Amino acid sequence: QAKYLAQIILVGAQVVGRAFMRALRQEFAASRAAADARGRSERPQSAAASRITGISLQEAQQILNVSNLNPEEIQKNYDHLFKVNDKSVGGSFYLQSKVVRAKERLDEELRIQAKDEKEKGWKAET
């Protein structure tokens with residue numbers, strides 16, 4: 001009887017493993033499709049930043065609860081959300097990491113905008 005029980009457990013584990021891998025593949029495909037769709041709606045540099053960080057500009061703004069790219073507001077909200085999601089105070093490491101990624105994405109967008117402004121300034125002078 002132990003032999004049959006072991007076989008049942010083994011078959012069950014294989015079925016669960018296959019289902020998990022199938023779900024993982026589907027999630028990866030959906031994530032890639034969403035990233036591609038985001039990329040088509042953004043400027044090329046901004047789309048590249050979204051692909052690199054894995055988070056869109058809109059999603060980053062939602063996470064940090066900012067409507068415009070104000071560096072002071074971004075930093076203030078980041079500091080608050082990072083602190084309240086610290087694991088040592090009962091927060092979530094997952095949420096804290098989302099806050100960090102959102103901040104990185106917004107910082108990258110600010111850098112892109114500053115570069116664009118600088119390039120516009122040079123073009124206006126020539």
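Table: residues versus (1) of a type in the set (S, T, N, Q); (2) open to solvent by 70 Å² or more (accessible area, probe 1.4 Å); (3) not in a helix (DSSP H, G or I).
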position	(1), (2), (3)
GLN62	yes, yes, no
ASN68	yes, yes, yes
ASP79	no, yes, no
SER97	yes, no, no
GLU104	no, yes, no
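Applying a threshold of 7 Å to beta carbon distances and a minimum spacing of six or more residues, or different chains, the list of pairs starting in segment 1-19 at a residue that is loosely packed, with under 10 Cβ neighbours inside 10 Å and ending at one that is part of a helix (DSSP H, G or I) is empty. Listed by first and then second residue, the pairs with beta-carbon distance under 8 Å, at least 6 apart or on different chains, first residue in segment 54-69 and among the hydroxyl-bearing types (Ser, Thr, Tyr), second open to solvent by 30 Å² or more (accessible area, probe 1.4 Å), are SER56/ARG38; SER56/GLU42; SER67/GLN61.
The values are calculated or read from the model by the stated rules, or taken from the named source; none is laboratory data. What you are looking at is a predicted structure, and each value in this text was computed from that prediction instead of being measured. Neighbour counts run over all protein chains shown; Cβ positions are idealised from the backbone, glycine included. Side chains are part of the model used for accessible areas, which takes the heavy atoms of the whole protein and leaves out ligands, DNA and RNA. Shrake-Rupley method; radii C 1.70, N 1.55, O 1.52, S 1.80 Å.
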